[in-house]
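All remarks here apply to the structure that follows.
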């Protein structure tokens, strides 16, 4: 696996056991080890460095500010971040059962607690202990190689694109922003989307990443684990829907709770959202109870084909987030009575915490527009049909 190790200990730069251990690890391991001696820098570094193989953290940090010493731990940093790497709490003191339980609940098998044997003659054995734990982690988590490589590919591709855009026009952000603003679109989102499209086009050409994905599929890791139906539904709910953060910009695909049993998906085109957000918006609405009744009927006949969306006048969305932590509820949208235009008083403050992701929102809009825009074909005379069958 690629990446770096962040070695965070308040004594790492002093003439100490920790400093000698850091230097030893830097020589023995095949990847960089970055020293950090305070929690503020730890927070900033974990934000800036997106691909780190492991965090090796002391538990107690003693810091001095204006002559006053204080003690702190990395607990809040760990609990407020979703690190996708191995975490070693490498401490001489007992951190307590409550913090351990919280950290285990958040990071599962990706966090471990190593006792620090702080003796100068133990440098070699401690280095070996850490190296062994890293190797064990790597061997049991080979699937992490692809995300690590993916993250590095994003970083490299982003740097390349930023450089090319700046060489073309240093004011490229202003240019895209102002053009979108004049067109009535949400300019901030337009800037981000343009960059994301360029990033995606560059990433999909990366041969190392493509090979790593293919190699992961060919490995046997995880084959012995029986796939759980709920875990698959949970996976696809995350693929289909995104949980919105507070004050997220309005976007096509946002899901609204329009009534006690009524839901709506915003289908107003993104280029019109900025102009219409204080007025009327277009939605495809549907009822939770109708969706449930429809699925219950099909369930009795085991009609799995309904999820192919082959019927022109309806669309099914699987694992719809009606209720938190429920992953087997589907939404039925009947096109003949789904379209509604609602003014701000009707939808304001009714936005849910989720949105339908791309490309699924575009598939939904395309299928609805195809339904309302279909062209009727006149019947061919029976005599002509008979003649052509001769």
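Relative to the dominant Cα principal axis of the chain, helix 229-240 is inclined by about 80°. The mean sequence separation of alpha-carbon pairs under 8 Å and at least six residues apart, normalised by the residue count of region 229-372, gives a relative contact order of 34 percent.
When restricted to Cα atoms, region 337-390 yields an Rg and a Dmax of 20.9, 64 Å, respectively. Relative to the longest principal axis of the Cα atoms of the chain, the long axis of helix 172-182 makes an angle of roughly 30 degrees. Highest mobility in the GNM of the chain, judged by mean-square fluctuation with C-alpha springs under 10 Å and restricted to 309, 251, 155, is found for 309.
Express as a percent, rounded to the nearest 5, the fraction of DSSP beta bridges in region 30-170 (both residues included) that run antiparallel.
On the way: 5 of 14 bridges.
Counting DSSP beta bridges with both partners in region 30-170, the antiparallel share is about 35 percent.
Helix-derived [θ] at 222 nm for the chain: sum -39500 (n - 2.57) over DSSP H runs of at least 4, divide by residue count, nearest 500? Write down the numbers at each step before the final one.
Numbers: 16 runs with 181 residues, N = 390.
Roughly -14000 deg cm²/dmol at 222 nm, from the helical runs in the chain.
Could you tell me which of rounded, prolate or oblate describes the chain, using a ≥ b ≥ c as the square roots of the eigenvalues of the alpha-carbon gyration tensor, with rounded for a/c under 1.5 and, failing that, prolate when a/b is larger than b/c and oblate otherwise?
Values: a/c = 2.19, a/b = 1.97, b/c = 1.11.
Prolate, because a/c is 1.5 or more and a/b exceeds b/c.
Applying 1/(1 + (r/R0)^6) with R0 = 51 Å to the Cβ-Cβ distance of residue 246 and residue 123 gives a FRET efficiency near 0.60.
A Förster distance of 35 Å, applied to the separation of the beta-carbon atoms of residue 63 and residue 216, puts the FRET efficiency at 0.25.
For region 291-347, what D do you get in µm² per second when you plug the Kirkwood radius from alpha-carbon pairs into Stokes-Einstein at 25 °C and 0.890 mPa s?
Here the translational diffusion coefficient equals 190 µm²/s.
In this simple spin-label model, placing a label point 7 Å from the Cα along the Cα-to-Cβ direction at both residue 104 and residue 278 gives a separation of 5.5 nm. In the chain, the longest principal axis of the Cα atoms and the axis of helix 207-218 are about 90 degrees apart. P(r) for region 229-372, from all Cα pairs and a bin width of 5 Å, is 2, 9, 20, 24, 22, 14, 6, 2, 1, 0 %, short bins first.
Just round it to a whole percent: the fraction of Cα-Cα distances in region 4-140 exceeding 24 Å.
Counting pairs separated by more than 24 Å, the tail of P(r) holds 25 percent.
Is the shape of region 146-218 rounded, prolate or oblate, going by the alpha carbon gyration tensor and its root eigenvalues a ≥ b ≥ c, with a/c under 1.5 for rounded and a/b larger than b/c for prolate? It comes out prolate by the Cα gyration axes. Extent of region 255-311 along its three principal axes (Cα atoms, max minus min coordinate, largest first): 46, 27, 13 Å. Here the Gaussian network model covers the chain, with springs between Cα atoms less than 10 Å apart; of 157, 50, 70, 70 fluctuates the most.
No lab work stands behind these numbers, since they all come straight from the coordinates. Because the structure is predicted, anything quoted here is derived from the model rather than measured. Using ideal geometry, Cβ is built from the backbone for each residue, glycine included, and neighbour counts are taken over all protein chains shown.
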